[in-house]
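Here is the structure we will look at.
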Amino acid sequence: MEQLIVARKEAGKVVVRYMGTKRHMADHVRDTISELKPDGRVVDLFSGMGSVAESLRETASVVTNDALSFTAAVSRARFTGPDRSTPSAEVIERLLPSYEARLHELEAVYAVELKTETTALRGSRADLLSYMDKAQHVGNSAARRRKAKLAAESSGSEHYELASLYFSAGYLSLRQAIELDAARAAIDADVHLRDRDWMLAAWIAGTSVLVNAPGHTAQFLRPNSESAHTRIVRTWTRSLWDEFGLALEAVSQVGDEAWRRNNSVYVGDALDLVSAGELRDIGTVYADPPYTKDQYSRYYHMYETLYRYDFPDSTGAGRNRSDRFTTGFSLKTAVVSSFHDLCRNVSRMQVPLVISYPSSGLLGDAGATVPEIALQYFGDVQTRSYDANHSTMGASTGASKKSATENLYVCLV
């Protein structure tokens with residue numbers, strides 16, 4: 001499912017903080033799928049950041065799929081490709097000239113704004129709040145939208161200004177946004193294409209460490225209290241380029257080269273993937289569909305826009321893209337038919353389907369259950385239940401997590 005990345009170097013792995021995480025369920029899913037002895041690859045239809053795919057590295061090769069493009073870059077960097085031989089320090093050295101060239105250009109363009117931001121960060125809470133309120137971005141300024149259009153159409157270094165135009169003085173400081181744009185210019189100019197997914201995954205992961213947000217990017221934090229002011233000042237004065245270097249170390253490959261060679265990464269609607277009839281060598285399908293009415297893509301629009309670097313239409317203080325992905329699993333009027341589509345199309349593949357879904361999911365609100373739908377397409381459905389804590393998505397009030405019963409439904413042909 002959808003998730004917020006927070007990357008840290010820990011035992012050579014990417015540590016991620018999810019909303020709707022399956023990290024706590026990954027071992028249960030792995031053990032369940034192992035018992036099925038899949039005769040072929042395991043498809044993870046809603047793979048997100050890949051905690052389940054990672055857990056299967058000793059069990060079976062995997063096919064990951066997610067509706068968001070930025071997560072696919074992370075999956076490709078971690079689950080595919082030959083063993084890396086290039087040290088991260090060498091990547092930094094390789095990118096540095098292009099990075100510094102674009103950085104100096106943007107520093108000149110935004111010299112006045114950078115000075116204003118520095119003054120605000122050194123000033124009072126009211127000073128910082130005023131700076132954020134007055135800052136222009138594509139969501140509130142026709143001039144910035146015109147500038148974004150010119151940048152989108154540019155084939156030179158002027159193309160690299162998206163983060164500065166969209167996310168500065170909100171999700172990031174202007175200084176960090178400039179560094180982010182300069183780093184992307186360097187990555188796109190690099191001729192070592194085999195390292196591209198690794199570099200982009202680290203670029204996104206490094207950004208996620210610094211993002212000024214409560215647990216998602218539907219909105220950013222404002223200095224409405226002394227503690228929030230302190231947090232923003234501390235975060236905004238950190239270097240994106242430094243975090244990118246750390247993230248290059250953290251975005252490590254999973255499994256051995258033989259396992260990664262047989263893995264595949266898809267981007268798209270899960271129901272489209274299983275209905276297309278294009279999947280081959282499949283032994284089991286695992287599905288972890290959204291379970292609330294929230295269209296989670298709005299929580300990750302910033303990462304998606306950064307990765308795609310496509311200068312989309314953007315609205316409001318949240319700078320949301322206008323073409324966010326939506327799914328029927330998060331619509332009460334469509335969740336039942338979505339489950340029917342899922343079960344119908346996987347049953348045609350003649351392989352087991354394992355579904356993660358909580359007892360409190362939207363499907364129950366629509367008056368249906370997973371077993372009653374699945375039994376229309378599969379010969380047997382087994383239910384395994386586990387206690388879990390679900391994120392409340394960075395809610396400003398109440399507990400950050402709530403108890404829930406997570407179910408694994410094993411649907412057998």
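So the values come out like this:
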item: Test result for A182, touching a Leu at 6+ places or on another chain (Cβ under 6 Å), outside the structural domain of S264 (by TED's automatic domain parsing), touching a residue at least 40 places away in the same chain (Cβ under 8 Å) and assigned to a helix (DSSP H, G or I); result: yes
item: Top-ranked residue in the stretch 292-312 [being of a type outside the set (A, V, I, L, M, F, W, C) and modelled with pLDDT of 90 or more; ranked as farthest from A77 (Cα to Cα)]; result: P312
item: Helices (runs of 4 or more DSSP H) contained in the stretch 262-376 and holding at least 2 residues within 30 Å of D133 (Cα to Cα); result: 301-308
item: Set Y166, Y160: member being touching a residue at least 24 places away in the same chain (Cβ under 8 Å), buried (at least 19 other Cβ atoms within 10 Å of the Cβ) and out of contact with any strand residue (DSSP E or B) (no Cβ under 9 Å at 6 or more places or on another chain); result: Y160
item: Output for the stretch 313-335, where each listed residue is surrounded by fewer than 19 Cβ atoms within 10 Å (Cβ to Cβ) and of a type in the set (A, V, I, L, M); result: A317, L331, A334
item: Whichever residue in the stretch 376-406 is within 23 Å of L331 (Cβ to Cβ) and at pLDDT 95 or above and, among such residues, is surrounded by the fewest Cβ atoms within 10 Å (Cβ to Cβ); result: Q376
item: The one condition in (1) within 20 Å of the chain's Cα centre (by Cα); (2) modelled with pLDDT of 95 or more; (3) among the aliphatic types (A, V, I, L, M) that A334 fails to fulfil; result: (1)
item: Residue list for the stretch 62-103, restricted to those being out of contact with any Gly (no Cβ under 9 Å at 6 or more places or on another chain) and farther than 23 Å from A247 by Cβ; result: V63
item: The stretch 34-56: number of residues that are assigned to a loop (DSSP other than H, G, I, E, B) and under 19 Å from F329 (Cβ atoms); result: 5
item: Condition check for A89: under 27 Å from I187 (Cβ atoms), touching an Asp or Glu at 6+ places or on another chain (Cβ under 6 Å) and of a type in the set (G, A, S); result: no
item: Filter result for T59 (surrounded by fewer than 20 Cβ atoms within 10 Å (Cβ to Cβ), assigned by TED's automatic domain parsing to the domain that holds V265 and either more than 21 Å from the chain's Cα centre (by Cα) or not in a helix (DSSP H, G or I) (or both)); result: yes
item: Selection status of G139, part of a loop (DSSP other than H, G, I, E, B) and crowded, with 23+ Cβ neighbours inside 10 Å; result: no
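The values are calculated or read from the model by the stated rules, or taken from the named source; none is laboratory data. All of these numbers come straight from a predicted model, not from anything done at the bench. Quick reminder, even Gly has a Cβ in these numbers, built from the backbone with ideal geometry, and neighbours come from all protein chains shown.
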